[in-house]
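*Asks:* The structure is given below, and queries will be raised subsequently.
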Amino acid sequence: MTLAEFTDVFAILATQLRYVDADEVAIRAYYEALKDCPVEFVRMAAQDLSRDSQYGFPRSDVWADAVKAVTKRRVNAVYERVYARRMAGLPPLCEWCRDTGFEQVGDTNRYRPCACRQQRQQEALGNWPLPELPAAPAEGAKRVDIDKVVKRLAGKKGIE
Ligand SMILES: [Zn+2]
């Protein structure tokens, strides 16, 4: 993330949360704390903070925690979809690694990180659409009746 990219994000959040005393020193100080984070996640965290900031303009550690939370949420969103596709029996998104993230090196027993990891990262960053979810079951498809399953399991354990 460049200082110019961060300054744009900072300026929007400062305006939203009425941080009227913000100056270049403040922007640079916050930038030092957050510069290793992707600007996409810093921007998403700023959006979260603008809607749910309890203490006015956040300290840099609060902003960094928000970035961690956004990162976890977005990466989980991507891999939940990869998992849902696998459970639905859809073909893997990546033929090379079959969505494990590791591809075999030639015919050896060695593996290396697969190139599709960069694609999954772009999806998490919001630069690319998330993987498509599997289609809904067809009309009339057999569905699990969760209430029946719970009653049957409870009955086995003698619970009413
Ligand atoms: Zn792959």
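The values are calculated or read from the model by the stated rules, or taken from the named source; none is laboratory data. These numbers were taken from a predicted model, which means no experiment stands behind them. Reconstructed Cβ throughout: ideal geometry from the backbone, glycine too, with neighbour counts over all protein chains shown.
*Asks:* Of all residues being in contact with a helix residue (DSSP H, G or I) (Cβ under 7 Å, 6 or more places away or on another chain) and β-branched (Val, Ile, Thr) in segment 64-106, which is nearest to the ligand (Cβ to nearest atom)? Just the residue, please.
*Replies:* Across segment 64-106, the extreme among qualifying residues is Val78.
*Asks:* Hey, another quick one. Restricting to segment 88-138, what's the tally of residues that are β-branched (Val, Ile, Thr) and touching a residue at least 60 places away in the same chain (Cβ under 8 Å)?
*Replies:* The qualifying residues number 0.
*Asks:* Conditions: (1) within 16 Å of the ligand (Cβ to nearest atom); (2) farther than 25 Å from Glu40 by Cα. Asn109 meets all but one. Number of the miss?
*Replies:* (1)
Residues checked against (1) among the aromatic types (Phe, Trp, Tyr); (2) modelled with pLDDT under 95; (3) exposed (fewer than 14 other Cβ atoms within 10 Å of the Cβ); (4) touching a strand residue (DSSP E or B) at 6+ places or on another chain (Cβ under 9 Å):
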position	(1), (2), (3), (4)
Thr7	no, no, no, no
Leu17	no, yes, no, no
Val25	no, no, yes, no
Glu32	no, no, yes, no
Ala46	no, no, no, no
Ser53	no, yes, no, no
Arg59	no, yes, yes, no
Val67	no, no, no, no
Ala88	no, yes, yes, no
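*Asks:* Which condition number in (1) assigned to a helix (DSSP H, G or I); (2) aromatic (Phe, Trp, Tyr); (3) within 30 Å of Ile27 (Cα to Cα); (4) within 16 Å of the ligand (Cβ to nearest atom) is the one that Trp128 fails?
*Replies:* (1)
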